[in-house]
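Let me begin by presenting the structure, written as structure tokens, before commenting on it.
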Amino acid sequence: MLHDLRQALRQLLRTPWLSAVIVVSLAIGIGANAAVYSAVDALLLQAPAGVKASRLVDIYTSATNGATYGASSYLDFLSLTESASLEASAAIDERAEAVLQLGDVMVNVRIAAVSDSFWQVLGVEPHLGEWPSALHPDAAIISFDTWQTCGSDAAVVGRRVTIDGRAYTIAAVAPRGFRATHLERVFGAWLPISGDLRRSARGIRGLKVIGRLAPGATIEELQASLDRTSRALADAHPDTNAGTIRSAEEPRRFTAVRYSRLRPDVRRQVELLAAVLLGATCLLLLSACVNSGSLLLSRGIARRAELTIRMALGAARGRLMRQLVIESLVLAVCGAAAGLLVAAWTAGGIPALFAPEHARLLDTHVQPRVMLLTMAIGVAAGLLCGLAPAVQSTRSLSPDALRGDPARVGDRQGGARLRMTLVAAQLALSTIFLIESALLTKVVNNALSTARPLDPLVIASIVSYDPAYRDAATLQLQRAPSVAGVGWASSAPLTRSARREFRIERGATSEWAEFDVNFATREYFQEIGMPLIDGRLFTADDEVSGADVAIVNDALVQRYFPGAAVHHDLTDALGHTVEIVGVVHTQSYRAFEGSPQPMIYYPMSRSTALGFVAAIRAHSGAIGVEQEVLDALRLAGKVRQLDVSTFDEHISRGLAVDRLIATLVATCGVIALCLAVIGVYGVMADTVRRRTREIGLRMALGAGPWHIIRTFAGVTLTPAFAGVTTGLLGAGLIVRIARSLVYGVPTIDAWLAAMVIAGLSMVVIAALVGPARRALRVSPLLALRQ
């Protein structure tokens, strides 16, 4: 084996350029897979630094508006902690940013209030200090980043710190890398849950709950226990713990799921996007393997004379095949090692593609298990791209390989067909990548360029426990000089809406369907730019009286009420009937969605949610609107969370993941195209080198330059045409499947197909220029003397 390894290294060093191209190709393909897997691992599989996630669970409370994964109240949290299947549980109250002052240093940090057992449930060890068994009302724990910002004082434990104007004592410093339990907020300090929240009503729900299963307990046992608790609470507190979208008597159910840094509904979307990215990088790796196999095949055929002599001296075919496979494995291992460097560089830059506070939660550095997986992929790639060339190169070795041109022997025995097939496969993969990335980019750009309101628009997301806050905020905003109008809704575009089940009556038949539900004021439709198509908008009487009326979008009308929907009735699962009084334009900014989603709007006065959004329209040409809005909302009263952004920023942030997917797929397409160029160039250069005698003979017999170019270009253009055609058919099939799953995916029009064909043709011709010029410089006399 050592002799084979030394022989392989000598052979590879004899052709350094070819070895380098193969190593770089495999490094790019393997490195891209490792980098994407590291990002997927960070999003879906990894726990925050130091957290022991093996028995952790997230517990949610269903909401009356139909959301399964809703927040919990503190009293509900105390009730579910009594489950025997839970070893411990903790509650988290996410708060807005506050000013933290330690000594002379002041910094803005986001605050989380947690229950006493929070740190013990997570199982993390502090960087400094000790977790108190019960958090003192004046105790505070700061993050490692906050500690570094404030000077990294090793004696910080016990010092006084001021947070939002109140003094606390630092009890501990959180471990390095720990910033939050879920991928939504980055916290700089943790405080005990206040006495006001502990004494709050059972119906005030705004807490996240996380628990640790008792040893030997299963999540199914925990769910059964939580179901019993939810039924008991529904009997004892029917006003706050009973009533769902299905029945007024049904308990508000607790739902336990395995701990994840993402909400279950968001996790499903991320898993789909992760599958798209992994599929793209796997195709890229396949393209790299095809490119390497093509070059190895040309190299093996060029060595037919050597292999024939070795077989004549007694070497068995199996021995020769093993030597060739070992050479390809050496290249693959080198490619995998280089791929690790590519992955480390690429994965480290992936967080920069996310929002800053999300990026700080992602540790995408290549983990040891990813390194092992990368090496395994490298070995598999070596076998994949080396086995077929080894079989072809040692097939039917005969003395003909010692007579004259080895290229002709290889071509007669199928080498040319296999090489051209590999070239066609590379170009087919490149065609698929280019078309799909162009379509994805078009979908995202269409979503980003959706018609915007003519005047500047600001979106404010607010969470407040004060029922009078919205009226006070409206007055403050109307007094602001730059504000022209304000409308309210329970959820903004590109955010999760509540869902309810409705019975649709159509003549003598009826069916049940689940729709997104939003609550909005009359002004919201006007400010957000949703024109009225039919009927009317909500009136002041609708808001005051809580009339049983609703407005629907035209997506619902087209699906269930072709023609006219006004004055039709909708009945929800509770038996409440509402009359459709208006139809508005479907508001959809999502790039990738199954179809335009039907939406039902109720008057804003019927909403009981703690969170809501304001659509604030400014006068044309107004400057500094965001700060003016922020000041007005702060003057209106106390809020738990407050976020203000322009409408374009809100849409761009909501489409960040969609844009990222399109960008990464396009990048993979460009890399696959470069590999195809390398493959075409390598095959043609090798063909010219091995057929130098034939070129010289043709030129000696009077063949002109165009005849020589036409002869060799035709050898490549035929498989290139076949590859592009196959790629167009494959892309068309993928688009058909995508259009059945995702709304708005455009078809492959003639213009796009022509652009791709023209672009690939130019690329192939550019790859042929070098070998063609080399062929024309062949001296007939020197070629005949070889």
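Name every residue in the range 133-164 that is at positive phi and in contact (Cβ under 8 Å) with a residue 40 or more places away in the chain, in order of residue number.
Gly151, Asp164, listed by residue number.
Given the residues Leu457, Leu475, which is the only one that is more than 30 Å from Ala288 (Cβ to Cβ), at pLDDT 75 or above and either polar (S, T, N, Q) or open to solvent by 30 Å² or more (accessible area, probe 1.4 Å) (or both)?
Going through Leu457, Leu475 in turn, the sole match is Leu475.
Run down Arg179, Arg212 and say which single residue is of a type outside the set (Val, Ile, Thr) and in contact with a helix residue (DSSP H, G or I) (Cβ under 6 Å, 6 or more places away or on another chain).
Of the residues listed, the single one that is of a type outside the set (Val, Ile, Thr) and in contact with a helix residue (DSSP H, G or I) (Cβ under 6 Å, 6 or more places away or on another chain) is Arg212.
Could you list all residues from the range 69-81 that are in contact with a helix residue (DSSP H, G or I) (Cβ under 8 Å, 6 or more places away or on another chain) and in a loop (DSSP other than H, G, I, E, B)?
Tyr69, Ser73
Given the conditions (1) over 24 Å from Leu273 (Cα atoms); (2) in contact with a Leu (Cβ under 8 Å, 6 or more places away or on another chain); (3) surrounded by 19 or more Cβ atoms within 10 Å (Cβ to Cβ), and given that Gly29 satisfies all but one, which numbered condition is not satisfied?
Of everything listed in (1) over 24 Å from Leu273 (Cα atoms); (2) in contact with a Leu (Cβ under 8 Å, 6 or more places away or on another chain); (3) surrounded by 19 or more Cβ atoms within 10 Å (Cβ to Cβ), Gly29 misses just condition (1).
Just to be sure before I move on: is Ala234 in contact with a Gly (Cβ under 9 Å, 6 or more places away or on another chain), open to solvent by less than 30 Å² (accessible area, probe 1.4 Å), over 25 Å from Asp116 (Cβ atoms) and at pLDDT 75 or above in the structure I sent?
yes
Identify the residue in the range 603-630 that is open to solvent by less than 70 Å² (accessible area, probe 1.4 Å) and charged (D, E, K, R) and, among all such residues, is nearest to Ala492 (Cα to Cα).
Arg617
Kindly evaluate Ala754 against the criterion of being modelled with pLDDT of 80 or more and either surrounded by fewer than 13 Cβ atoms within 10 Å (Cβ to Cβ) or over 11 Å from Thr431 (Cα atoms) (or both). Even if it seems obvious, please write down each step before you answer.
Working: modelled with pLDDT of 80 or more: yes; either surrounded by fewer than 13 Cβ atoms within 10 Å (Cβ to Cβ) or over 11 Å from Thr431 (Cα atoms) (or both): yes.
Judged against the criteria, Ala754 is a match.
Could you list all residues from the range 645-661 that are modelled with pLDDT of 75 or more, open to solvent by less than 50 Å² (accessible area, probe 1.4 Å) and assigned to a helix (DSSP H, G or I)?
Phe647, His650, Ile651
Give the residue, chosen from Leu664, Leu642, Leu673, Leu633, that is of a type outside the set (S, T, N, Q) and open to solvent by less than 20 Å² (accessible area, probe 1.4 Å).
Testing whether each residue is of a type outside the set (S, T, N, Q) and open to solvent by less than 20 Å² (accessible area, probe 1.4 Å) leaves just Leu633.
How many of the residues making up the range 744-763 are touching a residue at least 60 places away in the same chain (Cβ under 8 Å) and either in contact with a strand residue (DSSP E or B) (Cβ under 7 Å, 6 or more places away or on another chain) or part of a loop (DSSP other than H, G, I, E, B) (or both)?
Matching residues across the range 744-763 total 4.
Per-residue answers, yes or no, for (1) of a type in the set (D, E, K, R); (2) within 34 Å of the chain's Cα centre (by Cα); (3) part of a loop (DSSP other than H, G, I, E, B):
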| residue | (1), (2), (3) |
| --- | --- |
| Ser83 | no, no, yes |
| Val109 | no, yes, no |
| Asp116 | yes, no, yes |
| Val121 | no, yes, no |
| Glu125 | yes, yes, yes |
| Ile141 | no, yes, no |
| Gln148 | no, yes, no |
| Ser152 | no, no, yes |
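Just wondering, is there one or more residues in the range 108-122 that are touching a Leu at 6+ places or on another chain (Cβ under 7 Å), in contact (Cβ under 8 Å) with a residue 60 or more places away in the chain and farther than 19 Å from Arg179 by Cβ?
Checked the range 108-122: at least one residue is touching a Leu at 6+ places or on another chain (Cβ under 7 Å), in contact (Cβ under 8 Å) with a residue 60 or more places away in the chain and farther than 19 Å from Arg179 by Cβ.
Within the range 157-173, is there a residue that is under 30 Å from Tyr465 (Cα atoms), within 30 Å of the chain's Cα centre (by Cα) and either at pLDDT below 90 or crowded, with 18+ Cβ neighbours inside 10 Å (or both)? Give the derivation first.
Taking the range 157-173 as the starting set, the residues that turn out to be under 30 Å from Tyr465 (Cα atoms) are 160-171.
Filter once more, keeping what is within 30 Å of the chain's Cα centre (by Cα): none.
Taking every residue of the range 157-173 in turn, none turns out to be under 30 Å from Tyr465 (Cα atoms), within 30 Å of the chain's Cα centre (by Cα) and either at pLDDT below 90 or crowded, with 18+ Cβ neighbours inside 10 Å (or both).
The values are calculated or read from the model by the stated rules, or taken from the named source; none is laboratory data. Everything quoted here is computed from the prediction, not taken from an experiment. As a convention, Cβ positions derive from the backbone with ideal geometry for all residues, glycine included, and neighbour counts pool all protein chains shown. When the accessible area is computed, the model is the full protein with side chains, heavy atoms only, and any ligands, DNA or RNA have been set aside. Shrake-Rupley method; radii C 1.70, N 1.55, O 1.52, S 1.80 Å.
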